[in-house]
Amino acid sequence: MTGEHDCSSLSSVLRRLTCDLAIQDLNARYAEALDDDRLEEWPEFFRPDGRYHITTAENIAQGFPIGIVSATSRAMLRDRIKALRQANVYEAQRYRHVLGAPRVTSQNGELTARTSFMVARIMHTGETMIFATGCYQDRIALNGAGATFAEKVVVLDSRLVDTLLAIPL
Amino acid sequence: MNVHTNVRQWPDEGLTRVPYWIYSDQDLYAQEQERIFRGDTWNFLCLEAELPRANTFRTSNVGDMSVVVTRDANGVVHAFENRCAHRGALLCLVPHGERKEFACVYHNWTYDLAGNLTGVAFRRGIAGKGGMPPDATPEVHAPRKLRVEVLAGLVFGTLGADTPPLEAYLGPDITRGVRRVMRAPVRLLGGYSQALPSNWKLYMENTKDSYHASLLHMFFTTFRLNRLSQKGGLVVGENGAGHISYSMAADVAGKEYEQAKMRSAQDGYALEAPELLQSVDEFGDGVGLQILAVFPGFVLQQIRNSLAVRRIIPQGLDRTELVWTCFGFTTDDDALNALRLRQANLIGPAGFISMEDGAATGFVQRGSRGAPRELSVVEMGGRGTSSEESRISEAAVRGFWKSYRAHMRM
């Protein structure tokens, strides 16, 4: 598959659909693990050398490299979950991710996907707010073992984060 | 009326007691804006690097008042109220950019980069009809200009006529602390904001509270980034306006936390990716952490190689925006730059060692809501506001209230 709309043959269409479905499935499982508080599973959605970066659209537009979260390995992601479980202090809360349809592209055998998201945050008090909106800009490794993120860049539409960001997006 | 006045009496115990009405009184909020932020204080506006060239600007705040900070064609930095002389509309609607003049979108009145009113649309009318009377002087109502001082790449502004020069306001110790961090030309690394569910004073107290740092922030303690048993100290400026809390990077700590069975001591908790804590002694003095705060709303942070300025924007009694801007220096090599970006995981709304601050100040706001007449106890490290070697002290918090009461005439 090359480019976005290669529909020249039945086999290329099928390949494309397979990729799209695999990525939709990856996204759905990813969001479900976070929303169901299965945070220990979260690093497993990444390759061992996977990169996870949360930033803002403003930082991207200005070419600023800083991350709100900036991890360059699955080990760093596991450390973050360990810290959330054992060290960091925050009020009980959970998320509900609502994801858009991924727009998948393929270049030189590498899959990229852009997926809109909205995340509601539900506090233990019942207070519910739209906590974050933005776009996942992902590079995805797809092989016999399934789909994993080689890179997930979470680009927040807003520069403003309410109170704290503990659970990953 | 009498009751109201009585409620606002500062407790007889002085600086060791803080009344909870101080965080929940609507009238007081308005008074603080006038007497503190728009009064005789220096407000941090931005990094000079945020005005990289002639004819650049960025918006900022003095308390909840919006201001425009500019660098004019000659390189001079100005700051003025973001308010049109005509009807009071915002003059500048974007956070930063490049411009030779500002034109109010409402009626196209124009201003130069120093904030002078330079043009009134159709001032003389058209063909002798309409327009302003010949003797009108709209210039009188032009946006107020701030006195600006730039210290080591940090831009401060004040509206107060009697504010002492910046270095006198900070005092020699705090000035030295600023210069220590701002050792080279700044390279911006980006930023973000955090909405704190609390009164602005609770956040500033939090930054001045060296006692809480290693007790609330378990990540800090667990990895021995900052334990109160580590060598360090607390420097409080003479007028209480500024403070520095610092600790040495080297761990000479004993087992005090473990012996006291504190929640924040969990030895054996190892990082799988310990490179997170890799750092270099870029300042050459062994100081691993320096938090410097200036009344009313500025924080300069050095946590290992993670450098940032933070400024607060009060947004009502129980909401404060905290604006973070992270930076390095133009002299940084790739390795140091990489360390700064990695250590950014420690700070900000998702920071391993700072995420709790946003929540904790909110806990006080909510916890004290029903107790306006009760008092909080601020007696760690005695009753004074002087510098000391121990950080098991609330001397800088008392310093904050010393400044606060002086400005509020309380």
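What to note about this one:
- Put B:Ser390, B:Ser354 in order of accessible area, highest first, and with a 1.4 Å probe you get B:Ser390, B:Ser354.
- Average accessible area per residue (Å²) across the range A:12-63 - probe 1.4 Å, nucleic acids and ligands excluded: 47 Å²
- Alpha-carbon centroids, the range B:308-381 and the range A:112-152: separation in whole Å: 26 Å
- Classification of chain A by its C-alpha gyration tensor yields a prolate form. The axis ratio a/c (a ≥ b ≥ c) is 1.5 or more, and a/b outweighs b/c.
- Low-density loop positions, trypsin sites (Lys or Arg not before Pro), the range A:61-151 - DSSP coil, at most 11 other Cβ in 10 Å: none
- ³J(HN,Hα), Karplus 6.51/-1.76/1.60, whole Hz, each residue of the range B:307-319, x for Gly, Pro: 10, 7, 9, 10, 9, 9, 10, x, 10, x, 4, 10, 8
- The protein assembly as shown: C-alpha gyration tensor shape, a/c 1.5 cut-off, then a/b vs b/c: oblate
- Counts of other chain beta carbons within 10 angstrom of each beta carbon in peptide B:312-324 average 1.
- Gaussian network model of chain A, Cα within-10 Å springs - most flexible of A:Val153, A:Val104, A:Val69: A:Val69
- The charge dipole of the protein assembly as shown, taken about its Cα centre with unit charges on the Cβ atoms of Lys, Arg (+1), Asp and Glu (-1) only, comes to about 740 debye.
- Note on chain B: GNM, Cα springs under 10 Å; of B:Gly75, B:Gly237, B:Gly153, the largest mean-square fluctuation is that of B:Gly75.
- Among B:Gly328, B:Ala293, B:Leu317 - extreme Cα towards positive end, dipole of the range B:276-410, charges at beta-carbon: B:Leu317
- Loop-resident trypsin sites (Lys or Arg not before Pro) (DSSP state other than H, G, I, E or B) in the range B:17-76 with no more than 12 further Cβ atoms inside 10 Å of their Cβ: B:Arg53.
- The modelled label-to-label distance for the pair B:Arg99/A:Glu44, using points 7 Å beyond Cα in the direction of Cβ, is 5.4 nm.
- Largest GNM mean-square fluctuation among B:Tyr169, B:Tyr192, B:Tyr23, using chain B with Cα springs under 10 Å: B:Tyr192.
- Prolate/oblate/rounded call for the range B:354-394, Cα gyration tensor, a/c under 1.5 rounded: oblate
- Rounded to the nearest 100, the interface formed by chains B and A buries 3300 square angstrom of accessible surface, both chains summed, with a 1.4 Å probe.
- Probe 1.4 Å, all protein chains present, accessible-area order of B:Lys145, B:Lys402, B:Lys129, A:Lys152, largest first: B:Lys129, B:Lys145, B:Lys402, A:Lys152
- FRET E, pair A:Leu99, B:Arg147, Förster distance 35 Å, beta-carbon r, rounded to 0.05: 0.10
The values are calculated or read from the model by the stated rules, or taken from the named source; none is laboratory data. These numbers were taken from a predicted model, which means no experiment stands behind them. With ideal geometry, Cβ positions are generated from the backbone for all residues, glycine too; neighbour counts draw on all protein chains shown. Accessible surface areas use protein heavy atoms only, side chains included; no ligands, DNA or RNA. Shrake-Rupley method; radii C 1.70, N 1.55, O 1.52, S 1.80 Å.
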